[in-house]
Amino acid sequence: LRLLPQQRYLQVERAEVSSLERKRNILCCLITRILKVEKQLHIDNLVFRVIDACQKGELGPGLQFLSFCCHSVDVLSCVLHLLNQGYLRRQEERPHVLEY
């Protein structure tokens with residue numbers, strides 16, 4: 001019987017997945033929080049506001065988190081996720097405008 005060393009890459013992979021899930025959750029919270037206040041917003045403006053909030057580490061009035069790097073692709077991916085979940089919708093006559 002021979003014991004094999006513990007495989008560390010599996011632990012690292014789980015940590016990366018957990019980190020990505022937290023990042024997605026934060027981005028989804030930012031998107032919904034911004035659209036709750038604005039009611040409707042052009043998708044470009046929404047992306048810029050979310051990226052700005054990530055860089056400043058602000059989740060909203062009085063709420064802060066550690067700032068992290070966020071790209072437009074990350075935000076757009078979360079927008080598509082929220083659209084598929086039914087939390088957001090596009091205006092029929094102006095599909096580039098999102099509503100909460």
>> Here are the criteria: (1) modelled with pLDDT of 70 or more; (2) loosely packed, with under 13 Cβ neighbours inside 10 Å; (3) in a helix (DSSP H, G or I). Tell me which single one residue 15 does not satisfy.
In response: (1)
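Going by the structure shown, is residue 67 of a type in the set (Ser, Thr, Tyr), open to solvent by 40 Å² or more (accessible area, probe 1.4 Å) and either in a strand (DSSP E or B) or at pLDDT 90 or above (or both)? Spell out the reasoning first.
On the way: of a type in the set (Ser, Thr, Tyr): yes; open to solvent by 40 Å² or more (accessible area, probe 1.4 Å): yes; either in a strand (DSSP E or B) or at pLDDT 90 or above (or both): no.
No, not satisfied.
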> Taking interchain pairs and intrachain pairs at least six residues apart, which have beta carbon atoms under 6 angstrom, with the first residue in region 89-100 and assigned to a loop (DSSP other than H, G, I, E, B) and the second open to solvent by 70 Å² or more (accessible area, probe 1.4 Å)?
Replying inline: 100/36
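Name every residue in region 18-37 that is over 10 Å from the mean Cα position of the chain (by Cα) and either open to solvent by 80 Å² or more (accessible area, probe 1.4 Å) or within 12 Å of residue 88 (Cβ to Cβ) (or both), in order of residue number.
At the first step, the residues of region 18-37 found to be over 10 Å from the mean Cα position of the chain (by Cα) are 18-19, 33-37.
33, 34, 35, 36, 37 - these are the residues of region 18-37 that are over 10 Å from the mean Cα position of the chain (by Cα) and either open to solvent by 80 Å² or more (accessible area, probe 1.4 Å) or within 12 Å of residue 88 (Cβ to Cβ) (or both).
The values are calculated or read from the model by the stated rules, or taken from the named source; none is laboratory data. All values derive from a computational prediction rather than experimental measurement. So basically every Cβ, Gly included, is an ideal-geometry build from the backbone, and we count neighbours across all protein chains shown. Only protein heavy atoms, including side chains, enter the accessible area calculation; ligands, DNA and RNA are left aside. Shrake-Rupley method; radii C 1.70, N 1.55, O 1.52, S 1.80 Å.
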